[in-house]
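What follows is a short report on a single structure.
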Amino acid sequence: MCEVLIERLDHFGRGIGYINKKIVFVNNALPNELVKINIIAEHSKYYVGQVEKYLNKSTHRLKAKCPYYHICGGCNLQHLSYEDTILFKKNKIENIFARANLNLPNMEIIKNESPYFYRNKLSVQIVDSQVGFYEENSHKLVAISNCLLAKKSIQDFLKNVWKLNIQNGSLTIRSNYNDELLIVINTKDNVTFEPNLFPNCKIVGVILNNRTIYGTSYFYERIDDFLFKVSYDAFFQVNPYVTKHLFSLLKQYITTTGNVLDLYSGVGTLGIIAAQKAHHVYSIEIIKNAILDNLENKKLNKCYNVDAFLGSAEKILNKISLEFETIIIDPPRKGLDQQALNIILNSQAKQIIYISCDPMTLVRDLKKLTLKYNLEKYYLLDMFSYTYHVESFCLLKLK
Ligand SMILES: C[S@@+](CC[C@H](N)C(=O)[O-])C[C@H]1O[C@@H](n2cnc3c(N)ncnc32)[C@H](O)[C@@H]1O
C-alpha cells in the first residue's frame, strides 16, 4: 500500500497521481485528495491503483445517488456535482484539442435538463437468471435492479425482467416519448412473452433473436414536431432532452438552399431537419432497417426532397458524383472512414457539420479537415450525463 496525492483527472474521470515519477490511475479519486492505494495492475509506463483509504477528501466529493455506482462502471462521475461534471468535460475537450494542436473556438455548452432518468435505451446482460451489467473490461456480472440514468419507463420494466424466465442472454429495452417500450432479446433459452405479466408497462414490441414475437419491431419517436419511425436495430440518440438542442443547432446552421449530404444518417433525423431548407438531401446509412425507416420518415414529415442510400459511407460516396453545399457527418465512435474523408476533402462543400460522440476520433478527423476548412464553432452537448462521454457539434467553413 502507498500514499498518493491526486493531481488531476484523466479523460475517463480517473484520478492521476505519481509514484516515484511513474503515473498511477486511480478510480474514484479526485484532485487534491490524499489516498492510500493498492496497486492492482503494473505496466511498463503506468500503474493502476485502487483506493483503500481516503486520508484527505476533496471538498468537491459527493455521495453517489446510485447504490451500484462503485461496482457497476456504467457511470464515472456520480461522485461530482452536475456542475463539476460539466467542468470536467470542458477541461477534457480543451485538453484533447490542445494536445492535437488544434485551435478550439469559443466553446458553448449545452447542459442536460434531466441529468438522471434521461436514457431511452438500456442494454443488460442476464447470467444464471441474474440481470445486470458486466464490470468494465470483464465478464463479471454486477447484478442490478435499477439504473438511475434510464427513463422511469425502462426502470419499471427492468424490475420485472425476471418474469421472462431468461437464464442466460442479453436484453435491450428502448422507450419512446410516449413511454412505449420495445424489448429486444438475444438468448438460446426458450422465451414466451405474456403481456399480462407486465400490466404497468406499455410494451409495443418484443423481438427475440431478430424475430418479432409480439407486436411490432419498431416504434415512433417524437422530438419537437418531428415524428420518426425507429426500428429495433436502428440508431436513435439516447437522450431526447439534449437531442432537441442538437436539432435546434442544426436548424440554426442549415441556411443552405443547395444540396445536403447526410452521412451516417440512421433513420434520417438530421437529413429531414436539413430538408426543411435544403434543395435536396442525400442520406447514406449502412443498416437496412434504418434506411427503410428513413424512407417512411420522409413521408411522415412531408419531406419529399430526401433520398436515402443503403451501404457504407465510403462505398456510396465513391459512386455518387453530386455537388453538396453542406455535408453533415455523424459517425459512430470510430469516426470518419479515411476514404470517405478524402472524398469530402475534395468535394468543395461550403460547410461541414461534424457531430461526434468521441472527441479523440473527432480531433483526428479535424486535423485533416482543417487543412481546407476553418473550425468556426464548437458546442459541447451533455448527451451522456454522469459518464465521461461527450457529444460535440462542430461547424466548419471552406477556407
Ligand atoms: C452516431 S449514429 C448517427 C445516426 C443519425 N445521424 C442520428 O442522429 O440519428 C451513426 C450511424 O452510422 C451508421 N454507420 C456505421 N458505420 C457506417 C458506415 N461505414 N457507413 C454508413 N453508415 C454507417 C450506424 O448504423 C448509425 O446509424
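The values are calculated or read from the model by the stated rules, or taken from the named source; none is laboratory data. In this text the structure is predicted, and so the values were computed from the model without any measurement. Note that each Cβ is placed from the backbone with ideal geometry, even for glycine, and that neighbours are counted across all protein chains shown. Please note that ligands, DNA and RNA were not included when accessible areas were found on the heavy atoms of the full protein model with its side chains. Shrake-Rupley method; radii C 1.70, N 1.55, O 1.52, S 1.80 Å.
Projecting the Cα atoms of S347, V142, N239 onto the dipole axis of the chain, where Lys and Arg carry +1 and Asp and Glu carry -1 at the beta carbon, places S347 farthest toward the positive end.
Kirkwood's formula applied to the C-alpha pairs of segment 197-313 gives a hydrodynamic radius of 14.9 angstrom. Once you divide the Cα radius of gyration of segment 1-156 by 2.2 N^0.38 Å, the number left is 1.16.
When the listed pairs K277/K350; K90/K377; K315/K372; K251/K377; K350/K372 are checked against a 18 Å cut-off, the alpha-carbon distance exceeds it for K315/K372.
Rounded to the nearest Hz, the phi-derived 3J(HN,Hα) couplings of segment 190-196 under the Karplus curve 6.51 cos²θ - 1.76 cosθ + 1.60 (θ = phi - 60°) are 7, 10, 10, 10, 10, x, 5, where x marks glycine and proline.
Our summary gives the chain a relative contact order of 12 percent, counting only alpha carbon pairs under 8 angstrom and 6 or more residues apart.
Note that segment 243-399 presents 39 Å² accessible area per residue, ligands and nucleic acids not counted, probe 1.4 Å. Pairs of Lys residues in segment 2-61 are counted when their Cα atoms are under 16 angstrom apart and they lie 8 or more places apart or on different chains; the count is 4. Dipole of segment 287-399 computed with +1 at Lys/Arg Cβ and -1 at Asp/Glu Cβ about the Cα centre; of N301, Q338, I328, farthest Cα towards the positive end is Q338. One quarter of the convex hull surface built on the alpha carbon atoms of segment 2-61 amounts to 3.7 nm², the projected area averaged over directions. Here segment 121-220 is treated with +1 on each Lys and Arg Cβ and -1 on each Asp and Glu Cβ, and its dipole about the Cα centre works out to around 140 debye.
For segment 121-220, the solvent-accessible area works out to 51 Å² per residue, with a probe of 1.4 Å and every protein chain left in place. Taking the Cα centre of segment 52-111 as reference, the dipole from Cβ charges on Lys and Arg (+1) and Asp and Glu (-1) amounts to some 180 debye. Close amide-amide hydrogen proximity is noted between G258 and H279, each under 5 Å apart and 5 or more residues distant or on a separate chain (H modeled in the peptide plane; Pro and chain starts excluded).
Annotation: amide H of R119 within the under-5 Å range of A150, K151, sequence separation 5 or more or interchain, hydrogens built in the peptide plane. Report the percentage of all Cα-Cα pairs in segment 252-317 whose separation exceeds 17 Å, rounded to a whole percent. Here the tail beyond 17 Å accounts for 32 percent of pairs. Based on protein heavy atoms only, segment 2-61 ends up with 59 Å² per residue of surface accessible to a 1.4 Å probe.
With the biggest extent put first, the Cα atoms of segment 121-220 measure 34, 30, 21 Å across the principal axes. Along segment 361-377 the Karplus relation, 6.51 cos²θ - 1.76 cosθ + 1.60 evaluated at θ = phi - 60°, assigns HN-Hα couplings of 6, 4, 5, 4, 6, 5, 3, 7, 4, 6, 5, 10, 10, 8, 7, 9, 9 Hz to successive residues, with x for each Gly and Pro.
Assuming charge only on the beta carbon of Lys and Arg (+1) and of Asp and Glu (-1), the dipole of the chain about its Cα centre is about 480 debye to the nearest 20.
Report the far tail of the P(r) of segment 274-399, meaning the percent of Cα-Cα pairs longer than 25 Å. Cα-Cα pairs in segment 274-399 separated by more than 25 Å: 27 percent.
Multiplying each eigenvalue of the alpha-carbon gyration tensor of segment 79-120 by 5 and taking the square root yields semi-axes of 24, 12, 9 Å, largest first, rounded to whole angstroms. The accessible surface of the chain, taken with every protein chain in place and a 1.4 Å probe, is 49 percent carbon and sulfur. Its alpha carbons considered, the chain gives a radius of gyration followed by a Dmax of 22.6, 66 Å.
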